[in-house]
Structures are given as C-alpha cells and as structure tokens.
Amino acid sequence: MPVRVPGRLFLRNLVEKRGLLAQLVRRDFEQRFVGSAVGWIWGLIHPLVQLASWTFLFQVCLNTRLPAGEVTQNYPLFLFAGMLPWFLFSDTVQRSAASILDQSNLITKTVFPAEIVPVSVFLSCLVSHLLALALMVGAAGVFLNQISIFLLILPVYILVIGLFAVGIGWVVASLHVFLRDTGQVLSVILTFWFFMTPIMITESKYPVWARFLLAANPLAYLVRAYRDLLLSSRVPDMGDLLIAATYGAAAFLLGGLFFRHMKRGFADVL
C-alpha cells in the first residue's frame with residue numbers, strides 16, 4: 001500500500017498550475033493599482049506615510065528614544081525594519097479572507113485548486129514587500145553605512161512568514177465563505193496583534209507581566225530577525241528562527257488540513 005505524503009497533492013497542484021498561479025498573482029497585483037496614475041508606487045507610498053506618521057507621534061511627540069543596546073539609534077529605520085515583516089503577514093492574511101469569494105467564478109465553474117488562491121495573494125503581497133525591502137536596504141546603506149552579508153539568509157525568514165501567513169490565510173478564507181463577519185473579527189484580532197508585536201517600541205518597554213505575549217508571538221521573533229539583518233552585521237538568533245519556523249510549519253499544516261475539510265462545502269455556498 002503506497003504511503004500518502006501530506007501536502008503531495010498541494011505541491012503537485014503548485015507545479016502543474018504554476019501558469020495559472022502566475023496569472024492570479026499578476027492580475028491581483030494589477031487590480032490593486034488599476035487606473036492609478038503612479039501604479040505600483042502606491043505600494044511604497046502607503047508604508048512610507050505610515051512610517052512618517054508613527055515617527056512623528058513616537059519620536060517627536062512622545063520623545064521615544066532607543067536604548068543603547070539596540071541595533072541602531074536611528075528610530076525611523078528601526079521602525080521601518082519592524083514594519084516590513086508585519087505588513088507582509090497582515091496584508092496577506094487580510095486580503096486572503098475575501099479571496100475565495102473574489103474567485104468564486106473560477107472555483108464553481110472549473111476544476112480549480114482553490115488552495116492556491118491564498119498562495120497567490122501572498123506572492124502578490126511579496127512583490128510590494130520586495131520593493132519596500134529594497135528601499136530599506138538602500139536607506140540602511142546611506143544613513144547607517146550598513147549592508148550585511150547576512151542579508152543572503154533573508155529569504156529563509158520570508159519563507160517562514162509565507163508559511164505562517166498562508167496557513168492562517170487558508171483558515172480565514174474558508175471561514176469567510178460561511179461566516180461573512182470573519183473579515184471584521186480578523187481586523188480586530190490583527191489590531192490587537194499589531195500592538196503585541198514590538199514594532200513601534202522595544203521589547204524592554206513591555207511590562208514584565210506581558211512578556212509571555214512576546215514569547216508566544218511568532219511575529220516578534222521575525223521582527224527581531226529583520227532588524228538584525230537589515231540594521232546590523234550580527235546573525236539573528238537561530239533559536240528564534242527555529243521557534244518562528246515551528247509556528248510557520250504548524251500553521252501551514254493545520255491551515256491546509258482545515259481548508260481541505262471546509263472546501264467540500266464551497267460549491268453549495270458560493
């Protein structure tokens with residue numbers, strides 16, 4: 001009796017439907033900026049405006065200063081480096097919620113592997129992420145005279161974010177088909193999650209009783225690693241990578257199983 005390898009069908013669909021996946025990614029990216037005068041540049045304008053707003057609030061108004069032990073004393077770059085993994089994760093999850101409904105015609109009228117839709121959302125968000133990442137690397141080179149050779153391992157962390165985001169994306173996308181309030185609930189959860197992630201302030205600012213929230217937050221490990229890679233020459237803690245990768249693999253596996261179970265009823269609802 002042949003041994004069933006978990007995820008084999010999913011990987012086969014990715015390979016066999018790679019042309020369709022590429023079309024979904026291109027269409028998704030283009031639709032986000034259709035009719036826009038500056039096109040994909042909006043993908044950079046939005047995070048830069050948020051960066052400027054948060055810098056003004058925390059550094060100018062609240063006089064936030066980074067402690068001596070941090071990777072840099074440049075608060076805007078410290079903030080920008082922390083924003084990058086969060087935005088890739090949150091944009092993927094938020095946009096995945098409605099992705100199955102958006103592609104309902106394909107799912108109901110053709111033999112279509114619905115599980116690749118959240119994957120295409122992640123890849124589309126990844127394009128904007130890479131543009132912002134290039135801007136971040138350039139800024140670190142200009143203002144900090146710092147470009148680390150360890151940036152070569154950054155794709156590993158991007159992969160971990162992808163596993164985690166797609167796994168959760170599968171869950172919220174399948175729930176949203178049956179429960180249309182899922183998007184609203186998700187927005188509340190992500191707002192709370194954002195402030196439990198050390199993006200605008202350092203981990204030392206969190207009260208002792210709340211430190212367990214940081215330890216249980218996979219994004220905290222990824223934010224820390226991004227800052228190490230982008231703003232310093234030190235190697236991120238491999239223990240942190242192992243913890244984040246465990247979260248990512250677990251979310252990907254459990255999310256995939258949940259999606260596979262729920263998609264049996266998609267045709268009846270869509």
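The values are calculated or read from the model by the stated rules, or taken from the named source; none is laboratory data. Bear in mind the structure is a predicted one, so any value in this text is a computation, not a measurement. With ideal geometry, Cβ positions are generated from the backbone for all residues, glycine too; neighbour counts draw on all protein chains shown. For the accessible areas, the whole protein counts, side chains as well, though only heavy atoms, and no ligand, DNA or RNA atoms are used. Shrake-Rupley method; radii C 1.70, N 1.55, O 1.52, S 1.80 Å.
Residue count for segment 103-158, restricted to those that are over 27 Å from ALA267 (Cβ atoms), touching a Gly at 6+ places or on another chain (Cβ under 8 Å), hydrophobic (A, V, I, L, M, F, W, C) and part of a helix (DSSP H, G or I): 4. Output the residues belonging to segment 53-110 that are under 26 Å from SER128 (Cα atoms) and basic (Lys, Arg). Within segment 53-110, ARG95 is the sole residue that qualifies.
Within segment 224-261, being of a type outside the set (A, V, I, L, M, F, W, C) and open to solvent by less than 30 Å² (accessible area, probe 1.4 Å) holds for TYR226, ARG227, ASP228, SER232, PRO236, ASP240, GLY248, GLY255, GLY256. Which ones in segment 235-270 are in a loop (DSSP other than H, G, I, E, B) and in contact (Cβ under 8 Å) with a residue 60 or more places away in the chain? Within segment 235-270, VAL235, PRO236, LEU270 qualify. Go through the residues of segment 163-177 one by one and say whether even a single one is farther than 30 Å from LEU51 by Cβ, of a type in the set (Ser, Thr, Tyr), open to solvent by 20 Å² or more (accessible area, probe 1.4 Å) and in a helix (DSSP H, G or I). There is no residue in segment 163-177 that is farther than 30 Å from LEU51 by Cβ, of a type in the set (Ser, Thr, Tyr), open to solvent by 20 Å² or more (accessible area, probe 1.4 Å) and in a helix (DSSP H, G or I). Taken together, SER90, SER53, SER36, SER96 contain a single residue that is among the small types (Gly, Ala, Ser), at pLDDT 85 or above and open to solvent by 30 Å² or more (accessible area, probe 1.4 Å), which is SER53. Residue-level check: of (1) touching a helix residue (DSSP H, G or I) at 6+ places or on another chain (Cβ under 8 Å); (2) surrounded by fewer than 17 Cβ atoms within 10 Å (Cβ to Cβ); (3) of a type in the set (Gly, Ala, Ser), GLY138 misses just (1). Across segment 183-216, the number of residues qualifying as open to solvent by less than 20 Å² (accessible area, probe 1.4 Å) and part of a helix (DSSP H, G or I) comes to 4.
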